[in-house]
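Peer 1: This is the structure I have questions about; it appears just below.
The values are calculated or read from the model by the stated rules, or taken from the named source; none is laboratory data. Model, not experiment: these values are computed from the prediction. Cβ: placed from backbone, ideal geometry, glycine included. Neighbour counts: every protein chain shown.
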Amino acid sequence: MFINDALAQTAGVAATSSTMSMMVQLVLIFLVFYFILIRPQQKKIREHEVMLNAIKKSDKIITGGGVLGVVEKANDETLEVRIADGIVVTVYRATVRQMADDDSVPAKQVSKNKKK
């Protein structure tokens, strides 16, 4: 009778310690995911939002579809972008992927080079 009581008491302690260790492991896994995956992604999103808000007239941009153009007019949500001589399109500011370098080749020069 005393042996059964003793076994029952130790089984409860073992279950509590294994539950605690499992919780500690889950917290550690979450921390690793946070610092390796979540935090860098949030930083990248913030940098992209800052870049989108800084777009102004005469900036060269590349849209999400890969269209290279020069901003002619910038509004709060939309941009009017010149993609070739006489062709101006309106795009949403959120569709801009990145700012183009100043040494990027304009679209009209690419088509001239292919004909040669």
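Peer 1: For residue 65, are the conditions met, namely being in contact (Cβ under 8 Å) with a residue 12 or more places away in the chain, within 18 Å of the chain's Cα centre (by Cα) and in the same structural domain as residue 97 (by TED's automatic domain parsing)?
Peer 2: Here the answer is yes, as residue 65 does meet what is asked.
Peer 1: Please verify whether residue 56 is without any contact (Cβ under 8 Å) to a residue 24 or more places away in the chain, under 17 Å from residue 101 (Cβ atoms) and not β-branched (Val, Ile, Thr), treating the condition exactly as stated.
Peer 2: In short, yes.
Peer 1: Which ones in region 77-116 are over 20 Å from the mean Cα position of the chain (by Cα), modelled with pLDDT under 90 and in a loop (DSSP other than H, G, I, E, B)?
Peer 2: Within region 77-116, 101, 102, 103, 104, 105, 106, 116 qualify.
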